[in-house]
Every structure is written in structure tokens, then in C-alpha cells.
Number of protein chains: 4
Amino acid sequence: MSKTAKDKIRIGILGASGYTGADLVRLLGNHDAADIRVVTANAHAGKAMAEVYPHLGGMNLPRLQKVEEANWDDLDLIFCGLPHGTTQKIIASLPSHVKVIDLSADFRLRNVETYAEWYGHEHFAPQLQPGAVYGLTEYYRDQIKDARLVACPGCYPTAVLMLLLPLVGGGLIEADDIIIDAKSGVTGAGRSVKEQNLYSEVADGMHPYGIASHRHAPEIEQELSVAAGRDLLVNFTPHLIPMNRGEFITSYVRLADGHTAADLRKVLEERYADEPFVRVVPEGAVPATRHVRGSNFCLLGVFEDRLPGRAIVVSTLDNLVKGSSGQAVQNMNLMFGLDEQMALRQLPMFP
Amino acid sequence: MSKTAKDKIRIGILGASGYTGADLVRLLGNHDAADIRVVTANAHAGKAMAEVYPHLGGMNLPRLQKVEEANWDDLDLIFCGLPHGTTQKIIASLPSHVKVIDLSADFRLRNVETYAEWYGHEHFAPQLQPGAVYGLTEYYRDQIKDARLVACPGCYPTAVLMLLLPLVGGGLIEADDIIIDAKSGVTGAGRSVKEQNLYSEVADGMHPYGIASHRHAPEIEQELSVAAGRDLLVNFTPHLIPMNRGEFITSYVRLADGHTAADLRKVLEERYADEPFVRVVPEGAVPATRHVRGSNFCLLGVFEDRLPGRAIVVSTLDNLVKGSSGQAVQNMNLMFGLDEQMALRQLPMFP
Amino acid sequence: MSKTAKDKIRIGILGASGYTGADLVRLLGNHDAADIRVVTANAHAGKAMAEVYPHLGGMNLPRLQKVEEANWDDLDLIFCGLPHGTTQKIIASLPSHVKVIDLSADFRLRNVETYAEWYGHEHFAPQLQPGAVYGLTEYYRDQIKDARLVACPGCYPTAVLMLLLPLVGGGLIEADDIIIDAKSGVTGAGRSVKEQNLYSEVADGMHPYGIASHRHAPEIEQELSVAAGRDLLVNFTPHLIPMNRGEFITSYVRLADGHTAADLRKVLEERYADEPFVRVVPEGAVPATRHVRGSNFCLLGVFEDRLPGRAIVVSTLDNLVKGSSGQAVQNMNLMFGLDEQMALRQLPMFP
Amino acid sequence: MSKTAKDKIRIGILGASGYTGADLVRLLGNHDAADIRVVTANAHAGKAMAEVYPHLGGMNLPRLQKVEEANWDDLDLIFCGLPHGTTQKIIASLPSHVKVIDLSADFRLRNVETYAEWYGHEHFAPQLQPGAVYGLTEYYRDQIKDARLVACPGCYPTAVLMLLLPLVGGGLIEADDIIIDAKSGVTGAGRSVKEQNLYSEVADGMHPYGIASHRHAPEIEQELSVAAGRDLLVNFTPHLIPMNRGEFITSYVRLADGHTAADLRKVLEERYADEPFVRVVPEGAVPATRHVRGSNFCLLGVFEDRLPGRAIVVSTLDNLVKGSSGQAVQNMNLMFGLDEQMALRQLPMFP
């Protein structure tokens, strides 16, 4: 059933030692058309992937190498999970036959000045920015099919936009009064070795972080502004939850004149009726992060508020899958003319 | 240093087999003036407390008995942690010399019709309701000193009211636009044996519950209405977090005309300047549940919002201590003329 | 690529509301030859599977029904996850064309008296016991292919036997001096609603249980006795660990005369060289439960002891997959002449 | 009730930024005779303790300083929680009026060559070693009272020795056949910022580490050898468990001729009958880490094995309290003629 080697997409994963890289390998490991040829990781260069990620020990993977050593000629596609800034430089240097799916933040913001403001340095590849497609699959599907460079959304923006784009776009809610209380598992911070990510700093407790200053805010605002047809700001307040994976958005919205929570539900249901990975849960049901764990699904919910004229809308996804590697594979499938769901049918794992 | 037995307060704990009962015993175990004479628990009657709570095995406690078997003559004070409804009946039957600190919801709502509406049955002791003092220590201190019956607030209301009462009372925020996103550890649900509280249903994931229908909402609204001088409603949306203890409130508020986040901070700092258990964290610091774990402290924080004219205010406490047993002991100290902080100086446990 | 409906195995899952049932559905959901026709659950009969397990909400499954209502004519195979005793009665009543993979303990012990002794009631289907094949795939593969009734091993026995059978069978260790210190995640206890399985009773702590009395001991002893060619006993001491899935065996063994830890490693490596799901980790590497989470893999390790003449051998697997549902699907594949790895290639999920 | 300042012990805590340092501050915060004058931490020098440990924000503590800046004249006692090697150099340089309670491994091993072998460098203060008293309070109480330098045991050795010393010393078990399967919470690794201690590397899973090579083995062997009257070795195999605090020892022992598990129980019960912090749980009860969480207690248990002639003995304690800071305070109380239990009566916190 497998494709022969010559039919396969020859893939490089840059920055494969992060959790996102590992989950990409996990998903591609069951992808019939994927041939992982190159995996890079600076500090771990020279090691087998199984030394860095023993759970992938059963796979037959190339050794990790430095990004400078990669042979691009050999590749059709790279997934890029490098730190911001670095990504721009590397991608600018690639031969043009290589398609790129970037998982970093480097090409998500259309306005390079907004990028500079939030990331603390100028954009190093402004010439590539106009050609970059924002990889929110359900919204940019057609452009993604023809793109050379896809900038996958951040995990939070994916969860937020899937929930709010139809509501803002349809004029069902007041676009200037959007509160987004977000909760994330610890893998959202990657595998970076910082005191704040130690087990005992995170387990059995919780706290907010990046209040009013998280870098995913401008990305959310950019896309909601497109939907609203004018610039808008949002409240975005993330919290760190003692769980590995999962992201949950509780959004408090003010209904536009004459609309009800039932209208919001209807619009969301219609918008996603044909989408394989996005689902509105039935009235009365409550989504939970564990309902999507390990899968590419995104669940949405709508609730009436006790405050008149308001509603509560929620969404959840696995930050490493639909919020990152899964959406990236979904985009790869589109870019190479494959079944969009290929290698993404894995069901959520509960417990 | 210990008081002699005859100076001590003779205490009964009704419903001692819940987590709240156990934490009460933990705190009273180091209270020089407390003499626990009676502990009741229906299903476990006849057992030693150490069979039900082995961590208390080193203490010299009476055996658990049925509440019907308790000898009230022998007691000065009971803490009551029984299911709602039951509490009202039991308390109505007690001899008048016994003081009561109720940890259930039975006497928290001043309006017995509101009680009936939210708890699904009529109030069984309406004659006692007018004499019940709402046990939010920092706000009803003087009445508590003279009360016979103190109705301790729910854990969420304690965290919310400590945060919002000065802001609503001082007219610093719009009282009709209060969003309360609440997060709680699993002990908030008590030791009740339900599928939804099983380890694997709760660990490594999260979800909201009781959306727009949680019974703590009317309690919060009652007290905020008092502060506002008129009836008001709030959004109150709790979430279940995979941690044992701890409660975190993230409240999204609209500033009243001319006010700033800095004003909110100033008002909170002034209000709690002399309170031993409530503290506003310094600007830039972010409270976390683990900063209060096991202690009677409540921490508050104030942040500017990215949305103009709004602010984000937060609070955290340990739901079993300041949110329940600790506040109960604090009230006991007041009711018996003791140092208010007695047995409550234990510092938070981190990690 | 999918088989047409008429080629598919028509499957019933009895007791589908347990975690094992849910994980079976998760695995079979991606199995091209599986057609789930019947799912039963007594308390939940009448509900959709998605009400009981929302993470399976995207699947098209039949409604849960009572086991008495199942139409056996329609089925080729049942997976049976019922409580012990019940299983024996149900299976005895099935039409003979239906193959059975039992996940309970009811047919694991060859000696029906041993069964009666450990399970507290007589065996209700002793006539079926001789035909039951012990479903440890890597050891009973040929019999499984032709079996009508396969009794899948317990999760602990699977992990222990994979590790110790080659060592006892090859005479490399002293068979009368085997210490098995076992650690299990909480799903090992199933979804049963008991106080001891509540989040706060299990999280952030650990303890042993069933010391010298766990029902998996006779099962382990049965199979090791076969390998040894004589009856033997083992120490088996399980511990409950605050994690959802995963089982870890640390076994302390005395080397038979002249043997070394290196010999143990060599024997295990040779035994499993061609097995797709069992792997000895390289010298120096240390297996962890999270290296197999969600997958059908079993990892083994061998270490020299500080005590002369002894070695430490370890194994790990996911109790719900290789320790239960995954091994069951592996056996199904064999019984129906399919590729043994079908639907089991899912890689471990880390983190 | 507090002592006046001049009666108090003037204390310095070196290496106060580790979890052990923080727990020491937590305990001393309620100690009537303790006056913390100096806290040091190299990387954090200049900060307030509350910046490093916000849960201690309510205390009135000196600022962190570099160890070189400490004024020893002002101090009666230092607790030393520095890395090994460093400790020896610092302590050697202290004025002789300062008493020292060392929480590192630097003075635990009587044989300086054993130290060099296990710690990879020569002992830097061999002249002080003979005067160092091993701070296992229940066994060296009299020497501790008069000591200037007390070397507190490691957390594992404390749990192991409390369990095995009476059994080896009394000749009840075979001293050459001791298996020690140990489990520890993550704080056992301190607050060191290493990938292996990140939340997602540790949560929801487990694994052994330091197999046959952990530095606590020689310490255990040293003390058991004293009890046995001859040199012995032990198996010691630690495992990392996803919990903050707590240590659990499951030890598999061979009974000496004629002895039974009941004899072991009797000997342990008698040995600890008058000890306030060590308790043998009743027959049938099973100790758990959460029964001692946050407290200075150590619980022991004895079980018959299924294997003839063997027994299973267990112990548990909180690694940061009885396994470290609590035992240190207990020793301080002895060294300064105070009530041994002072500041250590805090009951375990469950959940």
C-alpha cells in the first residue's frame, strides 16, 4: 500500500529536537507519502533521534545534523521549527524548489513592522513575507495549495480563530469587546530548559502569564481584523495549566444587536459542517482538552451567559497537533495534492 | 504553653470525613485552645479517624460517630460540614449554648427564596437565617465576634469578593460588566465518589463546568449587590484544573469613568494594608495558586488590559484553607476572643 | 484502500464503557477490516458512545445496548471486557460461530480451582477452559491463529512475562528468587467509581497495594512455571503511580551459576529480534513508561546489580494497549489471517 | 510567647535558593527561637527572597547575598545547602564559634577515600571529617547534642536506615540480600534547571535512574555496615515519580533463620515506641507518601511475602522535611537545648 520511495515527498525537519519536531515525526511516521531525509538540531547534532526522543526509537530515521550541513537538493519540503529570526535567515537562503512549512512565528505577521515591534528585531526576510500564506487550513485552503511558503499559525491563534472568525466575520458579536481567557498545557513552552518549566514549578498549581503582552495577541488581532474589515484589539490572557498537551479557550463575547447564543451556534455549525477536523459539540455538552488529546481535532462550544446580551464561546485543541504539527501535515497534504486527512485520522487518546 | 483542658473550646466537627473536615482537624491539631471532642461521619461511624484519613494517624482523636449520637451538652462549638438541607435541620435542633460555624451553603443566602431556587428545596430553618452572619472575616469581623451562627462563604465567593468588593464598593468598575473566569483544584468537589472526579477523568487535562449555572453565582451577586447598593448579576465561569488545592480568579472588568488600573491597585492595597492574610502582590509579580498552598493567605493582583478602558484583576487562595477551613478557624478565633491568627500562621508549602 | 463492508470483521464489544473498551474502539477506529456493530454497557445502555466517551464523538458508532439485547448472529467476533464471572456465563451462551477475545481474567488460569481460590467463586464455564488459549501473542502465536477463545493476559503479566519468560525458560536466573516490583498508572484500576481512585486520593503521591495478594500473581506464576518446567512462586508487589497509563516492572533476579547480566541481555535480544512490538533498549539507555505511551510497544532493559551475582531487569508497556486492547487487536489480526501489525503502528505519544 | 531577639539563635542559610533552603525557611518561619539573619544564593544575590520564592513573600527576611559577603560574627548557626565540594571549603573557613548543619553530602561519608571515589574529587576538608556527626537524629541524638558539625543524611538514606537499621542491627534479616526499590518525587532533584526535570519530561510517566550507581548507596551501606558489624553492600534502585514531594522505600528482605515478618514488626515497634516522628502503621494498613506530605513524620510498614522466608518492609517520608530540612531543624533543636519537636509539629497536608 506504501508508495514507492520515488513517489514520496522528501522531507527535512529543521529544529527536530523540540516537542513540535518530535510530534511531526510521530505523525509522519504513519504517513505513506512521507520520507524523512533530514533532521537537524544544533546542540544534539550527531546523535540518533532515539537518543533525544527514545519514544521514536523504533523508527528508522537519519541522524541529527547541524542545519548548515543539510543537503537541500535532496529535499522537496522542509518543516521549520527554529527560533524566530533564525527561521527568516535560513528560509531566505534555501533553493527555490524547496517548499517550506514554517512552524515558527517568523512569517505569520503580514506587517513586518508589527513583527519588529513584538519580536524585538527587524524582519530578516521581508521580501518573502508577501508570498507567505497564513496556514490556518480551514480559512486559507486554496492559497495553501499553491503556496511555496506557509506560515503555520500559533497554537493559541488556531484555537481562537477557529472559534471567533465566523462570529466576527458574520457580525454576530461586538468586535471591540472580546475577552479571551486561554489555558495551555506545558508543552506550549516547548522543550526549553528554563526554571519556570521545571516539574515542581508547574505541577499541582496554576497561574497566568504574559498578561496583556503575549505575542500571540497581534496574530489573533491581525486575522480578526481581516474578518471585521477594520482594525481591532482583543483581551488575551493565557494561563499555564499542569498538563502536557491541550489548549482551552474561554471567550466572553457581547452579542451584536438582536443576536442570541443560538445564532452563534448555528453559524459555527454551518461554517464547519463539512470540515473533517472541526466540530461543534452538541448543546449541553462541554468540550475538554482530553477529548482531543493527541488528535488533529478542534472542538467548539456555545453557551448562554447569565449576563444579558452576552455569550460564552469555547474551543479546544491539542497544541502540538492541530495547534502545530498536525495542522502542518494537513497543509503539507494540500500542498502536495494528497488527501488532506492523510496521517491525521488518529483518534484522541483518553485517558 | 498549652491551655489547660478546662480553658479550651470543646469542639464538634459534623461531617468530618470530607476534605474540609480533614483540613479543619489538621489546623486545629496545632491550635492551643482547641479540644476536638466529637467527630461525626455517617458512612464511617465507628471507625477511627486514622482509618478514614491516615495522615492524621498521629493525633489523639475521638472515634467517628453518627451525628445523632453526638452529645451536644459537652460542646461549645460545632463546625458543620454536612450536605445542604441536612445542615439546616441539624442546626435548628441544637441547644442554644452551642455556637455554630457552618461550612455548607445552607445559611449563606439571606433570601430564603433565592436559596430554594438554587438548591431545589425550601429552606428548613428560615427562622435562623436572619441571625446568621456571613463569615467573610475581613468584611464582617464585628458581627462575627458576637454571632452564634456564622455561615462561612463558599471557596469561590471568598476569592472573588476579596478581589471585587473594594472595587465595586468604591465605584471603580462598571458593576454590570464583570466577567469572572474561575479555576479550581479538584478538592473543590470534595471527597464525593463520582466518575467525574476519578483521577483519569481529571488528570492531564481541563474543562469548564457549571457554566452560567454554578451555585456560587448568587452568593457572589448577593455580596456585590450589597457593595454596589443595588442588584447586579455577574458572569461566573468555573474550570476544573488538575491540581489538588487552589483556586484562581481572573476577572475582566471595565473601569468606571476616569479610573485606571493603578487606581484599582491603590484601593486594594489600602483596603488590605492591615489585614494579615490578604496581600496585593507587587506590580509586575503574578500570583499563582502554589504561592498560597496549604496556607490561609489570599493574594491579589492588578494588571492593565490591552483593551482600552478595561483591567484584569486576579486573586488566589487555597480553597480548603482560606476558602473553607482556615477561614472557619479564623472566625472561631474571633467568636471566642482569641488572637485571630491563632493556628493559621503556617506558611505556604512550595513545592 | 478500505475493505468493502462485506469483507470486514463484524465486531461486538461487550463492556464498552470501561477504559479498555474505549481504547479498543480508538484502535479499531483506524482498522481497515474492523466493523464495530455492537457495543454494550449495562448502566449506560441507550446512550450514544459519545455521551460516555466524548473523545470518540467523531466516530460513527452504534448506540450502547444491554448485553442481553445483542444480536450474535450478526457478529464474527466479540471482545469481552465484562467483570469476572459474568464473562464466563456470557461466553458459555454464545453461538459457536462467534470468536471470542476475552479481556477479563475469566479464562486466564488453566486450573479452575486456582481460579476459584483467587476470584472467590467457582468457574462458571469449566468446559470452555481447556480450549482457551492464553493470549500472550509473542508466545502463543500459533495457537491463537486457530483459537476460538483467546484469554488475553492481564496487563502486569504481559509486562512481566515478556521480560522473564526467556530468562526462566533459558535457565539464566534462579527461578525461586524472583522479586517483581511493579508500578502502574491509574487506568489499571479501570473506570470504577471508588474513593481510592479519586483524583485527590491518587495525585501527587504514591503507595503500594495488593501486597502479596494481587490476582495477577497466580497468572504470572502459571506461565513462569510452564517455562521453568516446575511450579514456582514469585514476589509480586504493585504500586499505584499518579499517571494515566503505563506500567513499569523492576525485577530483581539472582543469576544462575556462571551467568552474567550480559547473558540476560543477549538472550532477550535474540528472543525478540524479529518481534515488531518488543525491543531491548541499548546498553546504558533506561526505558520509561512515556516511551511507549499510547502504543503497542514493550521495552526491556538489563542492568548489572551492585550486589554480586544479581541483575536488575526491567520492562514497560502501556497497560491499555500492549497490556490490554492493543494485544487484543494483535490477536484479532492473527485469528482472522490479517497482518499482525494492522492498526497497531501508531507511534508512542510523548509528551 | 516569642523569645526576645537576644535569646534567639542567629541563623544563616547558605544556598537558600534551593527547594531545601526554601523549606527550611518555611519551617523556621514558625520557630520561636529562630532568627534568620543571613540568606545566600550566588546567582540570585541582591534579590529579595520573595522574588525567588513568592510563597515566602509575607515573611520579613534579609536580602539574598553572595556567600562571600556573609558576616559570620553575627551568626550562631549556619545551615549549609551548597553543592558538594564547595561546602567543604566554606565550612573549613568558618570561625569556630559558628555551629554547622550541613545538608549536602560533603561530610556524610566517614571515609574520605570513599567520598573521593563517589564524588569525583578529593575531600577538601579531611581534618573536619572526624568531628562530623551523622545527623540521623533517632540514632545519633547524643552526639548531635554536642556536635559543632552535623552532616544531615540524604533523603533516601534517612528513609532506608529508619527502616533497616533495627532489622540489620538485630540480626533479623540476611544482611547480604537486601533489595531496596526506592521511589522519589521530583523535588529530590532540587531546583536544578535540567531538561530531565522539565514538567513534560516527568509528568504522567515514570522511570528508574542511577541504577546501581546512585550516590546514596555508599551512605546507606556505611550505616548498615556499622549496624551489621561488618561491611555489606545493598541493591539500591531509585525511580522518579511524578509528584512534588515524598519518598517511598519498598525493601525486599530475606528473614534470618527462625524469624518471621511478625518479629520484624515487633522490633520496629519497640525501637520507635518513644520516637515522636517515626511510627509503624497498624497491620493491614499501607503507608503512602501523601500520609506524610509536608510533615516531619516517617511511617514504616511490614508485610509477609508470598515467597517463603522473605518479607517486604516499607517506609515513607517527605524528602524535603524528614528527609532534609525537617531533620535539620530537629538537629538544631538538639544542638541548642530546645524541645526537639519545636516548629515540627505541623501535621501532614492531605490532599
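The values are calculated or read from the model by the stated rules, or taken from the named source; none is laboratory data. Since the structure is predicted, the reported quantities are computational estimates derived from the model, not experimental observations. Neighbour counts run over all protein chains shown; Cβ positions are idealised from the backbone, glycine included.
Okay, here's what the table says:
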read-out	value
Residues satisfying the stated conditions in segment D:289-310, i.e. of a type in the set (A, V, I, L, M), under 19 Å from D:Tyr252 (Cβ atoms) and assigned to a loop (DSSP other than H, G, I, E, B)	D:Leu307
Those residues of segment A:309-351 which are among the polar types (S, T, N, Q) and either touching a helix residue (DSSP H, G or I) at 6+ places or on another chain (Cβ under 6 Å) or within 12 Å of A:Phe277 (Cα to Cα) (or both), in sequence order	A:Ser315, A:Thr316, A:Asn319, A:Ser324, A:Ser325, A:Gln327, A:Gln330, A:Asn331, A:Gln341, A:Gln346
Filter result (more than 18 Å from the chain's Cα centre (by Cα) and closer than 23 Å to A:Glu275 by Cβ) within segment A:160-174	A:Pro166, A:Leu167, A:Val168, A:Gly169, A:Gly170, A:Gly171, A:Leu172, A:Ile173
Residue in segment C:52-61 that is more than 23 Å from C:Gly323 (Cβ to Cβ) and away from chain A (no Cβ under 14 Å) present	no
Flag if A:Ala22 is more than 17 Å from A:Cys80 (Cα to Cα), within 11 Å of chain C (Cβ to nearest Cβ) and not in a loop (DSSP other than H, G, I, E, B)	no
Hits in segment D:141-192 - residues which are closer than 24 Å to A:Tyr199 by Cα, of a type in the set (A, V, I, L, M, F, W, C) and at pLDDT 95 or above	D:Cys155, D:Ala159, D:Ala182, D:Val186
B:Val329 being assigned to a strand (DSSP E or B) and either in contact with a Cys (Cβ under 7 Å, 6 or more places away or on another chain) or in contact (Cβ under 8 Å) with a residue 40 or more places away in the chain (or both)	no
Boolean, C:Gly337 is in a loop (DSSP other than H, G, I, E, B), within 12 Å of chain D (Cβ to nearest Cβ) and either surrounded by fewer than 24 Cβ atoms within 10 Å (Cβ to Cβ) or modelled with pLDDT of 95 or more (or both)	no
Matching residues in segment A:311-326 - criterion: being within 30 Å of B:Asn235 (Cβ to Cβ) and part of a helix (DSSP H, G or I)	A:Lys322, A:Gly323
Answer residue from segment B:281-295, given it is more than 20 Å from the chain's Cα centre (by Cα) and within 11 Å of another protein chain (Cβ to nearest Cβ) and is farthest from B:Val160 (Cα to Cα) among those	B:Gly284
Qualifying residue in segment D:272-279 (condition: surrounded by fewer than 24 Cβ atoms within 10 Å (Cβ to Cβ) and closer than 18 Å to D:Leu255 by Cβ)	no
Of residues in segment C:296-305 being of a type in the set (A, V, I, L, M, F, W, C) and within 19 Å of C:Ala256 (Cβ to Cβ), the one farthest from the other protein chains (Cβ to nearest Cβ)	C:Leu300
Index of the failed condition, C:Val38 passing every other in (1) touching an Asp or Glu at 6+ places or on another chain (Cβ under 6 Å); (2) of a type outside the set (Gly, Ala, Ser); (3) at pLDDT 95 or above	(1)
Candidates D:Leu299, D:Leu347, D:Leu307 - the one that is without any contact (Cβ under 8 Å) to a residue 60 or more places away in the chain, outside the structural domain of D:Leu28 (by TED's automatic domain parsing), of a type in the set (A, V, I, L, M) and under 22 Å from C:Pro242 (Cα atoms)	D:Leu299
Wholly within segment C:128-247, helices (runs of 4 or more DSSP H) carrying at least 2 residues that are touching a residue at least 40 places away in the same chain (Cβ under 8 Å) and buried (at least 20 other Cβ atoms within 10 Å of the Cβ)	C:137-146, C:155-169, C:216-228
Among (1) surrounded by fewer than 18 Cβ atoms within 10 Å (Cβ to Cβ); (2) closer than 28 Å to A:Val100 by Cα; (3) of a type in the set (D, E, K, R) - the single one A:Glu269 does not satisfy	(2)
The lone exception for D:Ala45 - which of (1) buried (at least 18 other Cβ atoms within 10 Å of the Cβ); (2) within 26 Å of B:Val286 (Cα to Cα) it fails	(1)
Failed item in (1) under 18 Å from the mean Cα position of the chain (by Cα); (2) at pLDDT 95 or above; (3) of a type outside the set (D, E, K, R), with B:Gly81 passing the rest	(2)
Residue that is within 11 Å of another protein chain (Cβ to nearest Cβ) and over 17 Å from the mean Cα position of the chain (by Cα), where the choices are A:Val253, A:Val278	A:Val253
Given (1) more than 7 Å from every other protein chain (Cβ to nearest Cβ); (2) under 30 Å from D:Met349 (Cβ atoms), number of the condition B:Asn197 does not satisfy	(1)
Any pair with Cβ under 8 angstrom, 6 or more apart, that starts in segment B:260-287 at a residue that is touching a residue at least 60 places away in the same chain (Cβ under 8 Å) and in the same structural domain as B:Leu165 (by TED's automatic domain parsing) and ends at one that is surrounded by 20 or more Cβ atoms within 10 Å (Cβ to Cβ) and part of a loop (DSSP other than H, G, I, E, B)	B:Asp263/B:Leu172; B:Leu264/B:Leu172; B:Val267/B:Leu172; B:Phe277/B:Asn296; B:Phe277/B:Phe297; B:Phe277/B:Leu344; B:Val278/B:Phe297
Residue check, A:Trp118 in contact (Cβ under 8 Å) with a residue 40 or more places away in the chain, more than 25 Å from A:Ala147 (Cα to Cα) and not charged (D, E, K, R)	yes
Any pair with Cβ under 8 angstrom, 6 or more apart, that starts in segment D:57-80 at a residue that is touching a residue at least 60 places away in the same chain (Cβ under 8 Å) and ends at one that is exposed (fewer than 13 other Cβ atoms within 10 Å of the Cβ)	D:Trp72/D:Pro95; D:Asp76/D:His97
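Results for (1) outside the structural domain of A:Gly210 (by TED's automatic domain parsing); (2) farther than 14 Å from A:Cys80 by Cα; (3) of a type in the set (A, V, I, L, M, F, W, C), shown as yes or no for each residue.
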residue: A:Arg110; (1), (2), (3): yes, yes, no
residue: A:Trp118; (1), (2), (3): yes, yes, yes
residue: A:Ile144; (1), (2), (3): yes, yes, yes
residue: A:Leu149; (1), (2), (3): yes, no, yes
